[in-house]
Each structure stands twice: as C-alpha cells, then as structure tokens.
Amino acid sequence: MEHELVIVPAGASLATKAARFVKERAGAAVADWGRFTFAVSGGKTPWAMITQLAREEVPWKVVEIFQVDERVAPDGDPDRNLTHLRQSLGTAPARVLAMPDEDPDLEEAASAYSELLPDRFDLVHLGLGPDGHTASLIPGDPVLEVHDRLVAVTQPYQEHRRMTLTYPALARAGEILWLISGEDKRDALSKLLAGDRSIPAGRVQARHSTILADSSAT
C-alpha cells in the first residue's frame, strides 16, 4: 500500500493538523451519503486531536465513532481508550459505538461488535508503536493470522488482553489516517513507508493512506 506522507514541522501542532483533516473528511462524507463513519485508536495525540475536533463545526449528529481497539478493563478505567475518547469528545453529540470488552465471554463480545461495523469506514485512524504494532495487532500474537473475523481478542500485552479490529476490518477503510510522533517511531515509520511486512503495520491494506508525522519521527 502506498502512503502519502505529510511532515508536520517542529513547533506546529500535529493534533491541530489532524483535526482539520478529519473535519474535511467528515464534511465530504456527509455531503456524499449523509453520515461519517470514523474508527479511532488510542494514544495521547489522537485524544488531543479529538479535543480539537470537538471545538469545530462538525455535523456531529450524523457522526458514528467506532473503536479500533480497546484494553480489557473496567468501565471508566484510565487504561481504557473509551475513557479518554469520551473525555475528549466532551458534549459533542457523536454516536460512539464502544467495544463490549466488559462481557465475560470476550470472543462472543468480539463477534457481536463485528455485527455493528459498517461495510465501509470513511476514515480509520491508526497509530504506530516503536515495535511496529498498530491497533492491537501485536508482533507475534496469533491475532495477526485472523482473516475470517473482523474483530478478535489478543493475548495479554502490557498487562491487558485487548479487543481489536483485524486486517479484514481495517481493509474496509476508504482512507487511513496515521498519526506518528516521536523519535522512537523512526525505525518503524521507515519500515511502514517501505511496505515492510515484518512489522504488523506493514500488513495493513486500505484504499488510501495518509501519514501525518512530526519532524522528530522522520
């Protein structure tokens, strides 16, 4: 998959640039078919992006936000992406479809969430770990080989099992927006741009991919 790389210079706000990008895509999607389907990953930069976005004139009542991945933890736990997503949105009236990771049967919960996914996402946000992981597609985890399900559950990683969209689900994206920040991402970003399938992020496929990266990551 080819990527369009946009480098955000030092001193500029990656979150602000990303919020403007999402706002434009939301407006175009709503103009085309009346709603905007957006899947969001975790991380500090995306929460800042969502906070900025919540201040913008976005057609929130026809925005549907899905989760790319989620840690298995109690509702309201600071380790959960949903906790920060809700805080960042504030009063913006988007419809948030949360991953049901409190269900005692996680596999059944993953299957149920897959039924909620649209046939096509207008935009999927992804991050990139220093180890090359994206979403909760972790190096060495069996979830990397799941091709018959849209949502799966990982083995423990950094103290939590996780629910995640799989490669087939990510392939439903009309466009992927990668937000990449920090010197520790340089090697992984280089591999992503080279299409290196040795890292999980290098195996993601979608119709179009835009990478917003700060200068420290490039």
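The values are calculated or read from the model by the stated rules, or taken from the named source; none is laboratory data. Keep in mind the model is a prediction, meaning the values are calculated, not measured. In this analysis, Cβ positions are derived from the backbone assuming ideal geometry, glycine residues included, and neighbour counts consider all displayed protein chains. Heavy atoms of the whole protein, side chains included, go into the accessibility calculation; ligands, DNA and RNA do not. Shrake-Rupley method; radii C 1.70, N 1.55, O 1.52, S 1.80 Å.
Here are some notes:
- Accessible surface of segment 111-205 [probe 1.4 Å, protein heavy atoms]: carbon and sulfur percent: 45
- Spin-label pair D105-R55: with each label point 7 Å from Cα along the Cα-Cβ axis, the two points sit 4.6 nm from one another.
- Cα-based Kirkwood hydrodynamic radius, segment 1-54, one decimal, Å: 12.5
- Phi-derived couplings, Karplus 6.51 cos²θ - 1.76 cosθ + 1.60 at θ = phi - 60°, listed residue by residue for segment 102-118: 8, 5, x, 9, 5, 5, 5, 5, 4, 4, 5, 5, 4, 6, 8, 6, x Hz, with x used for Gly and Pro.
- Total charge dipole magnitude, the chain, about the Cα centre, Cβ charges on Lys, Arg, Asp, Glu only, Debye to nearest 20: 740
- Percent of Cα pairs in segment 90-218 per distance bin of 5 Å, from zero to the largest separation: 2, 10, 19, 22, 20, 15, 8, 3, 0.
- Ligands, DNA and RNA left out, the accessible area of segment 5-50 computed with a 1.4 Å probe is 56% carbon and sulfur.
- Square roots of 5 times each gyration tensor eigenvalue, C-alpha, segment 14-127, largest first, Å: 23, 17, 11
- From the coordinates shown, Kirkwood radius over Cα pairs in Å corresponds to which of (1) 17.3; (2) 17.8; (3) 18.5: (1)
- For the chain, a Gaussian network of Cα nodes joined below 10 Å ranks P200, P78, P59 by mean-square fluctuation, and the top entry is P78.
- Size-normalised alpha-carbon gyration radius of segment 73-134, reference 2.2 N^0.38 Å: 1.29
- Å² per residue, accessible surface of segment 58-102 at 1.4 Å: 45
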